[in-house]
Amino acid sequence: MTLLVAVHDLMKRPGQMREIQIDHAPEMGIGTSVVEVPAKSTVKISLRLESVHEGVLATGEVFAAAEAQCSRCLDPINLDVEVDFQELFAYSSSSDEDLVVLSEHIDLEQVLIDSIVLNLPFQPVCSKTCLGLCPECGIRLTQDLEHGHEKPVDPRFSALQDFANKEE
Ligand SMILES: [Zn+2]
Ligand SMILES: [Zn+2]
């Protein structure tokens with residue numbers, strides 16, 4: 001996967017600067033098992049490229065939409081993703097870790113993936129006040145704060161409750 005940007009006009013011209021807007025459609029989803037920017041969705045990048053002595057400095061603002069599942073009530077949710085990155089692409093590298101200018105291009109794909117993945121929530125929630133599901137009947141507690149049970153209504157959920165009791 002590549003997201004190549006031509007930088008030949010900036011090379012070896014310290015002080016030169018250029019701004020571009022990129023609409024990128026990733027070939028594969030970016031994220032984790034619980035929250036993901038889907039494949040083929042539009043990822044917008046406002047990119048500033050600056051020529052510096054060692055190479056080309058890329059500064060980006062990324063806007064994307066992620067799909068997730070609330071970790072408490074399991075409802076599908078959409079999340080706006082806004083992340084920044086700044087990386088130097090060097091003309092010559094001292095280690096394999098370095099990003100480099102290759103054939104007058106820089107490849108932003110991995111930078112984009114890393115900056116998005118590092119900023120996605122581990123446990124997305126539909127709202128900060130989401131109370132999740134009743135461990136006995138599975139209804140959304142946010143919709144019915146008062147409800148309770150005399151005894152478990154469903155054997156599947158009583159197993160869960162035994163588990164919860166052991167935790168105490
Ligand atoms: Zn929720
Ligand atoms: Zn219940």
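Take peptides 66-79, 84-97, 47-60 and line them up by average Cβ neighbours within 10 Å, highest first, as a rough protection proxy. Intermediate values should be presented prior to the final figure.
Details: 66-79: 16.4, 84-97: 12.6, 47-60: 17.9.
Packing order, densest peptide first, comes out as 47-60, 66-79, 84-97.
Report, to one decimal in Å, the Kirkwood hydrodynamic radius for the chain based on all distinct Cα pairs.
Evaluated on the chain, it is 19.2 Å.
What ranking do 142-148, 18-24 get when scored by the average of other Cβ atoms within 10 Å per residue, highest first?
The most tightly packed comes first, giving 18-24, 142-148.
May I ask you to compute the full-extension gain from Arg18 to Thr2, defined as 0.36 nm times their residue separation minus their alpha-carbon distance, rounded to one decimal in nm?
3.7 nm
Under a Cβ-Cβ cut-off of 11 Å, what is the net charge of the residues other than Gly55 that fall near it, where Lys and Arg count +1 and Asp and Glu count -1?
-3
Run the dipole for the chain about the Cα centre, Lys and Arg Cβ at +1, Asp and Glu Cβ at -1, nothing else charged, and hand back the magnitude in debye, nearest 20.
240 debye
Angle between the Cα long axis of helix 155-167 and the longest principal axis of the chain, 0 to 90 degrees, nearest 10?
70 degrees
Ignoring ligands, DNA and RNA, please state the percent of accessible area on segment 4-117 from carbon and sulfur, probe 1.4 Å.
On the way: 3010 of 6500 Å².
The nonpolar share, carbon plus sulfur, comes to 46 percent.
What list of ³J(HN,Hα) couplings, whole Hz, do you get for segment 71-84 from phi and the Karplus terms 6.51, -1.76, 1.60, once you set θ to phi - 60° and write x for glycine and proline?
Listing the rounded values in order: 6, 9, 10, 6, 5, x, 9, 10, 10, 7, 10, 10, 9, 10 Hz.
Would you list Val125, Val37 from the most to the least accessible area, probe 1.4 Å?
Heavy-atom accessible area, descending, gives Val125, Val37.
Averaged per residue, what accessible area in Å² does the chain show with a 1.4 Å probe, protein chains only?
Values: 10940 Å² over 168 residues.
I get 65 Å² per residue for this part.
With a sphere of radius 9 Å drawn around the Cβ of His24, what net charge do the other residues whose Cβ falls strictly inside it have (Lys, Arg +1; Asp, Glu -1)?
Numbers: positive: Lys44; negative: Asp23, Glu109.
Net charge in that neighbourhood comes out at -1.
The values are calculated or read from the model by the stated rules, or taken from the named source; none is laboratory data. In this text, all values refer to a predicted model and were calculated from it rather than measured experimentally. Because the Cβ atoms are built from the backbone with ideal geometry, glycine has one as well, and the counts that use them run over all protein chains shown. Surface accessibility is based on the protein's heavy atoms, side chains included, excluding ligands, DNA and RNA. Shrake-Rupley method; radii C 1.70, N 1.55, O 1.52, S 1.80 Å.
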